[in-house]
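The values are calculated or read from the model by the stated rules, or taken from the named source; none is laboratory data. Note that the structure is predicted; figures quoted are calculated from it, not measured. A quick note on method: Cβ atoms are made from the backbone with ideal geometry, for glycine too, and the neighbour counts reach across all protein chains shown. Accessible surface areas use protein heavy atoms only, side chains included; no ligands, DNA or RNA. Shrake-Rupley method; radii C 1.70, N 1.55, O 1.52, S 1.80 Å.
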Amino acid sequence: MVRDTIMVQSLPVNIRCEDYLFPGLKNYFDSLCPGQHLSFLNPLEMVVAIQSSPPPLPSGASSVVKTPITHTYRRGSQYYFTSKDGSIVQFDSATRHCEAFIRPEIQNEMSTICSLVSGPLIETMKSAGRFYLHAAGLCHNGIGYLISGDGGCGKTTSALNLVRSGFDYVSDDSLLMDARDGTIRVYPWYRDFHLSKDLCRRYGELNCLTAECQSGGDKISVDVSQYLQGSYRHWIDPDVIIFPRIQPIPTSLLSSLSPTDMFTRLMKQIFLASDPDTAERQLETINTLVRQTSGFELLGGRDLLEDPDTLVSLITQLPVRH
């Protein structure tokens, strides 16, 4: 077994892992933002082993959330993260100890294994008051922008266009929200952008990465500050939230959203905690974010594809709530 300690958003993760699995898991943990150590975050203890007959899901465990890759269950302080093949991660949120039992059939499927072990990380972040949000985060001239929406709505493409124009960035897809003195601050979950071959081809500065995309799978992690104008930021305080939708129209349109509409849309981009007290804190964080920001729907037309600078012109003219 390999032993190592890795920092993930200020959380020390003490991991013991099968030698064969460690390189892939190390790459996954290294792709996450380490943050700075905070003394009040007790370590997460994680053991990952290959086992032909993982323990079954205990009776009485209630379904919490299901994704295409994993299914989460809960019984008291115990969480269970399962995959279709029967692999399971058992996590005690009270002691911050988890054990992952990986079936040999998926020992080469690191995307599934990483999805399983990310469950305890997300739950531990929730208990520490840092809540996941599916959104890109950027900053320009002191104004923080979030771009939020379902997969395929154009978050990463929009973020690339803005970074190319000199916007600084926190993330292209995944953020953690934290309330500080009544203000919501967001931090990156992943350190780099995750880009497909098609996206790299679209930008001349990134075209050199297409060969790496072909050899490394569907997407690769890219430090875009090495290729584009914008710089990486460790955090931002959001002022504006944009909810994009791609539409078959010639000219893009922006329209203001009510606080209720913003709250409803943001609820679709979080993982609501199953613990009532934690869920209440999570909902209050979303409420605070809505009060802190102005929200807009962006109907993205063909003009955004033809001239990426159009997006900069649109959003830099938006009113900001201070």
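A Cβ distance below 6 Å, combined with a sequence gap of six or more or placement on separate chains, defines the contacts here; from segment 300-322, residues that are basic (Lys, Arg) reach residues that are assigned to a loop (DSSP other than H, G, I, E, B) in the pairs Arg302/Pro250.
Here Thr278 clears all of (1) open to solvent by less than 50 Å² (accessible area, probe 1.4 Å); (2) assigned to a strand (DSSP E or B); (3) more than 19 Å from Gly166 (Cα to Cα) except the condition numbered (2). Given (1) open to solvent by 60 Å² or more (accessible area, probe 1.4 Å); (2) in contact (Cβ under 8 Å) with a residue 24 or more places away in the chain; (3) within 23 Å of Ser10 (Cβ to Cβ), identify the lone condition not met by Thr251. Result: Thr251 passes all but (3). Would you confirm whether any residue within segment 91-103 is modelled with pLDDT under 95, farther than 21 Å from Met1 by Cβ and open to solvent by 30 Å² or more (accessible area, probe 1.4 Å)? Among the residues of segment 91-103, at least one is modelled with pLDDT under 95, farther than 21 Å from Met1 by Cβ and open to solvent by 30 Å² or more (accessible area, probe 1.4 Å), which makes the answer yes. Return yes when Val163 is among the β-branched types (Val, Ile, Thr) and in contact (Cβ under 8 Å) with a residue 60 or more places away in the chain and no when it is not. Against the criterion (among the β-branched types (Val, Ile, Thr) and in contact (Cβ under 8 Å) with a residue 60 or more places away in the chain), Val163 qualifies.
I need the full set of residues from segment 208-244 which are of a type in the set (Lys, Arg) and either buried (at least 19 other Cβ atoms within 10 Å of the Cβ) or at pLDDT 90 or above (or both), in order please.
If the condition is that a residue be of a type in the set (Lys, Arg) and either buried (at least 19 other Cβ atoms within 10 Å of the Cβ) or at pLDDT 90 or above (or both), then Arg233 is the only one that fits.
If Lys268 meets every condition in (1) open to solvent by 60 Å² or more (accessible area, probe 1.4 Å); (2) within 25 Å of Gln317 (Cβ to Cβ) apart from one, which number is that one? Every listed condition holds for Lys268 apart from (2).
Could you tell me which of the residues Arg245, Arg265, Arg233 is under 21 Å from His140 (Cβ atoms) and among the basic types (Lys, Arg)? Give the derivation first.
Values: Arg245 fails: under 21 Å from His140 (Cβ atoms); Arg265 fails: under 21 Å from His140 (Cβ atoms).
Going through Arg245, Arg265, Arg233 in turn, just one is under 21 Å from His140 (Cβ atoms) and among the basic types (Lys, Arg): Arg233.
Taking the conditions (1) at pLDDT 90 or above; (2) at positive phi in turn, Asp172 satisfies each one other than (2). The strands (runs of 3 or more DSSP E) found entirely in segment 1-69 that carry 2 or more residues being open to solvent by less than 20 Å² (accessible area, probe 1.4 Å) are 2-8, 11-17, 44-50. A count restricted to segment 11-30 and to residues that are touching a Cys at 6+ places or on another chain (Cβ under 9 Å) and within 18 Å of Tyr232 (Cα to Cα) stands at 0. On inspection, Leu138 qualifies as within 15 Å of the chain's Cα centre (by Cα) and among the hydrophobic types (A, V, I, L, M, F, W, C).
Report the residue count in segment 70-90 for those that are open to solvent by 70 Å² or more (accessible area, probe 1.4 Å) and in a strand (DSSP E or B). Full working, then the answer.
Here is the first cut: in segment 70-90, the ones open to solvent by 70 Å² or more (accessible area, probe 1.4 Å) are 75, 84.
Now drop any that are not in a strand (DSSP E or B), which leaves 75.
Residues flagged as open to solvent by 70 Å² or more (accessible area, probe 1.4 Å) and in a strand (DSSP E or B) within segment 70-90 amount to 1.
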